[in-house]
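All of the numbers you see were taken from the coordinates with simple rules; none came from a lab. Fair warning: this is a prediction, and the values are worked out from it, not measured in the lab. Note that we place each Cβ from the backbone using ideal geometry, even for glycine, and neighbour counts take in every protein chain shown.
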Amino acid sequence: MSKEHNITLIPGDGIGPEVTTSARSVIEAAGVKVKWDVVEAGAKVMDEYKTPLPDYVLESIKKNKIALKGPVTTPIGSGFRSVNVALRQTFNLYANVRPIKTYEGIPTRYDNVDLIIVRENTEDLYAGVEHKIGDYAAESIKIITKEASTRIAKFAFDMAEKQNRKKVTAVHKANIMKYSDGLFLNCAREVAAAHEDIPFEDMIVDAMSMKLVQTPEKYDVLVMPNLYGDILSDMAAGLVGGLGVAPGANIGDDIAVFESIHGSAPDIAGKNIANPTAAILSGVMMLRFIGEMEAADKIDNAIKAVLKEGKVVTVDLGGKASTDEFTEEVVKKIG
Ligand code: NAI
């Protein structure tokens, strides 16, 4: 009998409530006992709390240490910082792990992609050091430190070792940003030198973008600063069927928040057509993290089976199924 886990659940905005409800029911169907602490964040609480990230959300995560999160809308150009960036910085969730994997049955041009993007999650242009210069110019400062770069490189190599991955590629633009990206690259090289068992290479981000489109199967673990990780992970999601199937995790030393790569998708919110696969697979990553391996495998296999059959899939994958119908099919396969 597995123990009961206390987990914070943030439904979020847009399609967030739909896809997190799906993930929650699949996790429960796999027999995992969870006491969910459901806390609301994002645009929907702004009027009441005057912030998209009220203290009760932070307190719940601090207490439970594990959270499953839906996307939240970030108003562009308002004074509020992104809830995601704030969470990552508050809890020092320094590693953003985004597996990008082909699932049989999903219509794509590639059939052998198995990448893990490890994105530094706390600094770079996301450090929030930005100011206006009068009305006609603005500056954003890109911050790269030795501490954070070494920490993320170590994380990538440790993960590569544990998961038996074949190569680590550091992605950068050190030819132009000689100090900032140069420091990141040097840190990655130093860490690589201490892990001779794992092949290492580095690649400039523009070349990496092209190679990922041409020959994604040649790459494995990719480690990079924050902004490149943000962009390349959306692009890489496009290689395997889109944002609807791309999960993620934000991991720190003692707290982890699991969430899909996708945003709140206002264009399809409330229509019961969003693909919950990414949210469910983020749940699978969470279950592995908390040691619920058997349930994680059960869910992963059920997702694989439903996608492979291709009969009950959502609109983004060329099907007609609703979010609920897809969820029910996965639950059925869990048995
Ligand atoms: P988005 O990821 O929400 O949507 C991009 C496109 O992908 C849309 O056409 C959408 O319909 C589609 N899509 C996304 N997830 C899908 C799913 N599960 N199933 C089917 N189709 C899906 O990106 P967008 O539109 O740039 O951002 C919308 C809002 O989300 C913004 O306010 C943004 O700041 C926020 N956002 C939040 C994130 C988070 O909370 N982790 C991450 C990214 C964006």
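Treating each Cα of the stretch 108-221 as one equal point scatterer and applying the Debye formula with no solvent, the log10 of I(q)/I(0) at q = 0.09, 0.11, 0.19, 0.22 Å⁻¹ comes out as -0.29, -0.42, -1.03, -1.25.
For the stretch 1-144, the Cα gyration tensor yields ellipsoid semi-axes of 30, 23, 15 Å (square root of five times each eigenvalue, largest first, whole Å).
Highest mean packing comes first when the peptides 113-120, 233-240 are listed by Cβ atoms within 10 Å, giving 113-120, 233-240.
With kT/(6 pi eta Rh) evaluated at 25 °C and eta = 0.890 mPa s, and Rh the Kirkwood radius from Cα pairs, the stretch 205-335 diffuses with a coefficient of 153 µm²/s according to Stokes-Einstein.
If each residue's Cβ is checked for other Cβ atoms within 10 Å, how do Ile141, Ile27 rank with the fewest at the top?
Ile141, Ile27
The loop-placed GluC sites (Glu not before Pro) in the stretch 132-220, going by DSSP, that have at most 13 neighbouring Cβ atoms within 10 Å of their Cβ come out as Glu196.
Of the cross-linked pairs Lys69/Lys271; Lys142/Lys166; Lys154/Lys178, which ones have a Cα-Cα span greater than 26 Å in the structure shown?
On the way: Lys69/Lys271 20 Å; Lys142/Lys166 31 Å; Lys154/Lys178 22 Å.
Pairs exceeding 26 Å: Lys142/Lys166.
Evaluated at q = 0.08, 0.10, 0.13 Å⁻¹, a Debye calculation over the C-alpha positions of the chain (equal weights, vacuum) places log10 I(q)/I(0) at -0.37, -0.58, -1.00. Residues whose amide H lies under 5 Å from that of Val38, counting only those 5 or more places away or on a different chain, are Leu9; hydrogens are built 1.01 Å from N in the peptide plane.
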